[in-house]
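The next block holds one structure in the form of structure tokens; read it before the comments.
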Amino acid sequence: MVNWIATPLGVVQTFKRDELPGGFKGMLTDNQADNLLLVVRDDKNVNSVKYLVGKCLLSLENYELAEVFIDSLFLKQFKSSYIKKFATVQNKTQGSRILLDIYFNKADDGMVYRNAYNVMVEINPEIGRTVLVLEKLPTNNKNFSYFVKGYPFAKELSKMAVIAFKHSARAKQILDVFRKPEPKHCSISNSMLNFFA
């Protein structure tokens, strides 16, 4: 394995700091941190986690950080796991689907990234008035890409990837769709222990 692309939690669980040199990440506008959001419908009169008991939660599939975040909120409030407090927990692959299900009153609350939330609100401002942010967890980035230490061209390839994205019309289109204006080089020293902004 030469290159590894994963969530912050996946990187920390799989590698030691000295196993990876630098890599790159996609950043939001003006180098802002992203946020993992717990969102609810405005008309459900939910203003704290305690009002979510017995509700249906939509979460991001195969994304452990969402699970850790929601569990921390419930452990703090109830000294009990979120699994025991929700009536149902359903996993979805896309934040946009979660937002639409909440907007159309098919679910009570969900976990999404701020980036997905902002895109959907831009498309339909009514979503921003109907689906509100209850809690948020600032994160440095959703995914990181690192090279395994000792790979002779890791530094050069990392820089080339960043430069290629900056000068490729197709790459710019992809980054625009996901509201990630540009990839940035990141070292282990400034990101491995600072996944949370």
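Structure note, pairs LYS44/LYS85; LYS16/LYS76; LYS79/LYS136: Cα-Cα distances above 26 angstrom occur for LYS16/LYS76. Each Lys and Arg adds +1 at its Cβ and each Asp and Glu adds -1 at its Cβ; summed about the Cα centre, region 34-139 shows a dipole of about 380 debye. Summing charges over all other residues whose Cβ lies under 11 Å from the Cβ of ILE127, with Lys and Arg as +1 and Asp and Glu as -1, gives -1. Neighbour counts of C-beta atoms inside 10 Å place TYR82, TYR103 in the sequence TYR103, TYR82, starting with the fewest. Put in order of Cβ neighbour count within 10 Å, fewest first, the listed residues VAL40, VAL133, VAL46, VAL112 become VAL133, VAL46, VAL40, VAL112. The 3J(HN,Hα) values that the Karplus relation (6.51, -1.76, 1.60; θ = phi - 60°) gives for region 85-102 are, in residue order, 9, 7, 5, 9, 10, 10, 9, 10, 7, 10, x, 4, 5, 4, 4, 5, 5, 5 Hz. Gly and Pro appear as x. Looking at region 34-139, send over the antiparallel percent of its DSSP beta bridges, to the nearest 5. Once the DSSP bridges in region 34-139 are tallied, antiparallel ones form about 65 percent. Could you tell me the relative contact order of region 34-139? Use alpha-carbon pairs under 8 Å, at least six residues apart, and round to a whole percent. Worked out over region 34-139, it gives 48 percent. For LYS55, the residues whose modelled amide H falls within less than 5 Å of its own, excluding neighbours fewer than 5 places apart on the same chain, are ALA87. Scanning residues 5 or more positions from TYR113 or on other chains, those with amide H under 5 Å from its amide H are LEU37, with H placed 1.01 Å from N in the peptide plane. Exposure proxy for LYS85, LYS44: other Cβ atoms within 10 Å of each Cβ, ordered fewest to most, give LYS44, LYS85. Close amide H partners of THR139, meaning residues 5 or more places away or on another chain with modelled amide H under 5 Å apart, are ASP34, ASN35, LEU36, ALA197.
Every read-out reported here was derived from the displayed coordinates using simple, explicitly stated rules and does not represent laboratory data. These numbers come from a predicted model, not from an experiment. So basically every Cβ, Gly included, is an ideal-geometry build from the backbone, and we count neighbours across all protein chains shown.
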